[in-house]
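**Student:** There's a structure below that I have some questions on.
The values are calculated or read from the model by the stated rules, or taken from the named source; none is laboratory data. Keep in mind it's a predicted model, so treat the numbers as computed, not measured. Neighbour counts run over all protein chains shown; Cβ positions are idealised from the backbone, glycine included.
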Amino acid sequence: MIHVATIARRDLMALFVSPAGWVVAALFVLLSSAFGFVIPVLGGQAATMDGVFAVITSFLLPVLIPVITMRSFAEERSEGTLELLLTSPVRDWEVAAGKWLAAFGFYVLLLAATLAYVVLLAVYIPRHLEVLDLGLIAATYMGLLLAGGAATAIGVLASGLTQNQIVSFFLALTILLLIWYAGTVLGFFTAPPANAVFQYAGGSNRFQSFSLGQVTLKDSVYFLSLAIGALFLTTRLLDARRWR
Amino acid sequence: MVGSHREPGPLRFDRLERQGALPTIPLALIEVQGLTRYYADRPAIQDLTFSVPRGQVLGFLGPNGAGKSTTMRILTGYLGPSSGTASVAGFDLVAHSLEARRRIGYLPETTPLYKEMRVASFLGMMCRLRGVAPAKRRARVDESIEVCGLADRRHEVIGRLSRGLRQRVGLAQAIVHDPEVLILDEPTAGLDPAQTRETRELIKALGREHTIVLSSHILPEVSATCERVLIINNGRLVADDTPANLARTVAGAQGGEIEMVVEGDQGEIERRLGALPGVETVTVDAAGEGGWRVIVKASKADMRDELARAVVEAGFGLRELSARTLSLEDVFMHLTTEEPA
């Protein structure tokens, strides 16, 4: 476990000293505040968490996570530092897990920043315990953690496929958009029985239960298997590289 | 040329061992058997077999692209072999990779480092990755910093260090977990002469306590630091010996050149020396100080004694006589240049 923690700590530190990390953080805070909260409120709509959650699912998950993960393996490869990691007595899965943990940790920090709005709502809405559905908010955060775990794992996998960070970014973006919108877009344009498969396997469809306030086992398992599957492939990829 | 003919020398334990006179004790720390690695269908190395005893400093010499880095990457577990085996301290690099890797310190060719980290915290991280016990980490970091002369740089950001200092950080990370074996891929590539000398001194010092395999395409480096040289060309082992023995072997196979200054009649000198068995050509090129400068090319190794006798017997004055020794460079050229059949 010390290996996973060591690798994760180095990557997280690298994100904090890199401009990319700060740009992602700044962009996210700006957009979630502006589009998620300030503009709806100024426009006279009711203050809710919906806008903030919409920014997270439509922007943080598919676009910013690839920015967070694009360096993960791609940079280690182009700089050659991967050679230091893989010739140390560290198992391949520990390297993959460490890389994922760093990206996921950064995502969790961004997510945690949005808790400020929950606090604001709780403080300023009169009779908030009746109006504010804290259970629903908690369920949504749970879903966001699961979906974020899967998305960061997929981003790390994409980064392991290339040594070019730009390629890594677009690869992760494409995969994430495909998975997230498989149900709504592909499911809409395909004929039965394919559409049923897409609708069932689409990320946004599986996320729906969380945003309706339910934490279901089925949908939790869906995101967990995506995460574990992507990390498993990353581990296999690291070993396959030895034999190519 | 593999296992090139050595002159019968003093008794060697490995020979006795082969004859069954001694019980077989695994003396070698690194053992490589029939190692072959393909990239797609192109062979990078083919059927390499060698072993390195504990405490030896071994130079791995060959032109660029000969397969040096590939071999080192297999020895460190970064690449897997297509066939054959490699082991360190008895641990196979594939079957018991982690155990083998624990015993290896590796400096890759490009000296990759985490540039945003500070020297001491980078070395601390490497300690944790390589399984140094928590109680020993501080001492190990301090020692590797001390040995590599980085004491006044320990809190500097690696990315701001000069090329030479980064090389020292690279060496420091290779020794930070106190491995038995050091594998250094072109440790002085890209350094200026002063830094090169510094690094060589450092490697020599490290060689007193470690078994080292270093690669180079620079010959003086290998003859300056290594007890034994493996020459590899086109992925195959072409020589395995001490630098001095190699020079002698090739001189024996190739013949040698002897330079003399002889006093006497020019034509007579040419005729008398040319008549000696083993002499191929005699060139009297110019009148030097005290006589003619004569260059004798011989097909036999070291003909100094015969030549001296011939000169004296003919009544000439012998002023100077010296064999032109082959440098490792000549050996290298001889072994790695394809000769027309």
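**Student:** Give me the pairs, please: first residue somewhere in region A:3-32 and more than 28 Å from residue B:124 (Cβ to Cβ), second residue anywhere and in a helix (DSSP H, G or I) and among the β-branched types (Val, Ile, Thr), beta-carbon distance under 9 Å, and either six or more positions apart or on two chains.
**Tutor:** Going by the 9 Å Cβ cut-off, the qualifying pairs are A:23/A:67; A:27/A:67; A:28/A:55; A:28/A:56; A:31/A:55; A:32/A:52; A:32/A:55; A:32/A:56.
**Student:** In addition: Any chance region A:50-69 includes a residue that's within 14 Å of chain B (Cβ to nearest Cβ), free of Cβ contacts under 8 Å to residues at least 12 places away in the same chain and surrounded by fewer than 19 Cβ atoms within 10 Å (Cβ to Cβ)?
**Tutor:** Taking every residue of region A:50-69 in turn, none turns out to be within 14 Å of chain B (Cβ to nearest Cβ), free of Cβ contacts under 8 Å to residues at least 12 places away in the same chain and surrounded by fewer than 19 Cβ atoms within 10 Å (Cβ to Cβ).
**Student:** If you don't mind, there's one more thing I want to ask. When you check residue A:73 against the structure, is it within 27 Å of residue B:75 (Cβ to Cβ) and more than 8 Å from chain B (Cβ to nearest Cβ), yes or no?
**Tutor:** Yes; evaluated as a whole, the condition is true for this residue.
**Student:** Would you say residue B:46 is touching a residue at least 12 places away in the same chain (Cβ under 8 Å) and more than 29 Å from residue B:191 (Cβ to Cβ)?
**Tutor:** It is true that residue B:46 is touching a residue at least 12 places away in the same chain (Cβ under 8 Å) and more than 29 Å from residue B:191 (Cβ to Cβ).
**Student:** Shifting gears a bit: Return the residue satisfying two criteria in turn: it lies in region A:79-110 and is at the interface with another protein chain (Cβ under 10 Å from one of its Cβ atoms) and of a type in the set (Gly, Ala, Ser), and of such residues it is surrounded by the most Cβ atoms within 10 Å (Cβ to Cβ).
**Tutor:** Among those residues, the one meeting the criterion is A:88.
**Student:** Okay, moving on. So if I check each of B:242, B:196, B:211, B:225, which one is modelled with pLDDT of 90 or more and among the hydroxyl-bearing types (Ser, Thr, Tyr)?
**Tutor:** The conditions single out B:211.
**Student:** Taking interchain pairs and intrachain pairs at least six residues apart, which have beta carbon atoms under 7 angstrom, with the first residue in region B:300-319 and at negative phi and the second assigned to a helix (DSSP H, G or I) and not aliphatic (A, V, I, L, M)?
**Tutor:** Within 7 Å, the pairs are B:301/B:252; B:310/B:272; B:314/B:272.
**Student:** Just to be sure I understand, how many residues within region B:75-102 are more than 9 Å from chain A (Cβ to nearest Cβ) and closer than 20 Å to residue B:187 by Cβ?
**Tutor:** Total satisfying the criteria: 2.
**Student:** Of the residues that sit in region A:89-121 and are hydroxyl-bearing (Ser, Thr, Tyr) and touching a residue at least 60 places away in the same chain (Cβ under 8 Å), which one is nearest to residue B:174 (Cα to Cα)?
**Tutor:** The residue in question is A:114.
**Student:** What's the total number of residues in region B:59-74 that are more than 14 Å from chain A (Cβ to nearest Cβ) and either surrounded by fewer than 23 Cβ atoms within 10 Å (Cβ to Cβ) or in a loop (DSSP other than H, G, I, E, B) (or both)?
**Tutor:** Of the residues in that region, 6 qualify.
**Student:** Criterion first (touching a residue at least 24 places away in the same chain (Cβ under 8 Å), in the same structural domain as residue B:227 (by TED's automatic domain parsing) and under 23 Å from residue B:56 (Cα atoms)) does residue B:147 satisfy it?
**Tutor:** The answer is yes for residue B:147.
**Student:** Name every residue in region B:115-148 that is exposed (fewer than 15 other Cβ atoms within 10 Å of the Cβ) and either within 11 Å of chain A (Cβ to nearest Cβ) or outside any helix (DSSP H, G or I) (or both), in order of residue number.
**Tutor:** B:133, B:134, listed by residue number.
**Student:** Could you list all residues from region B:99-120 that are out of contact with any Lys or Arg (no Cβ under 9 Å at 6 or more places or on another chain) and of a type in the set (S, T, N, Q)?
**Tutor:** Selection gives B:110 alone.
**Student:** Within region A:8-48, can you find the residues that are within 14 Å of another protein chain (Cβ to nearest Cβ) and hydrophobic (A, V, I, L, M, F, W, C)?
**Tutor:** Those that are within 14 Å of another protein chain (Cβ to nearest Cβ) and hydrophobic (A, V, I, L, M, F, W, C): A:8, A:12, A:13, A:14, A:15, A:16, A:17, A:20, A:22.
**Student:** Report yes if residue B:168 is within 9 Å of chain A (Cβ to nearest Cβ) and not hydrophobic (A, V, I, L, M, F, W, C), otherwise no.
**Tutor:** No.
**Student:** Taking the conditions exactly as written (within 11 Å of another protein chain (Cβ to nearest Cβ) and either modelled with pLDDT of 95 or more or not in a loop (DSSP other than H, G, I, E, B) (or both)), does residue A:5 satisfy them or not?
**Tutor:** Judged against the criteria, residue A:5 is a match.
**Student:** Still on this structure, please answer the following. Of all residues in region B:206-222 being surrounded by fewer than 21 Cβ atoms within 10 Å (Cβ to Cβ) and within 22 Å of residue B:62 (Cβ to Cβ), which is farthest from the chain's Cα centre (by Cα)?
**Tutor:** B:207
**Student:** Here is a further query. For the list (1) closer than 28 Å to residue B:88 by Cβ; (2) more than 21 Å from the chain's Cα centre (by Cα); (3) not polar (S, T, N, Q), I need the number of the one condition that residue B:203 fails.
**Tutor:** Against the list (1) closer than 28 Å to residue B:88 by Cβ; (2) more than 21 Å from the chain's Cα centre (by Cα); (3) not polar (S, T, N, Q), residue B:203 comes up short only on (2).
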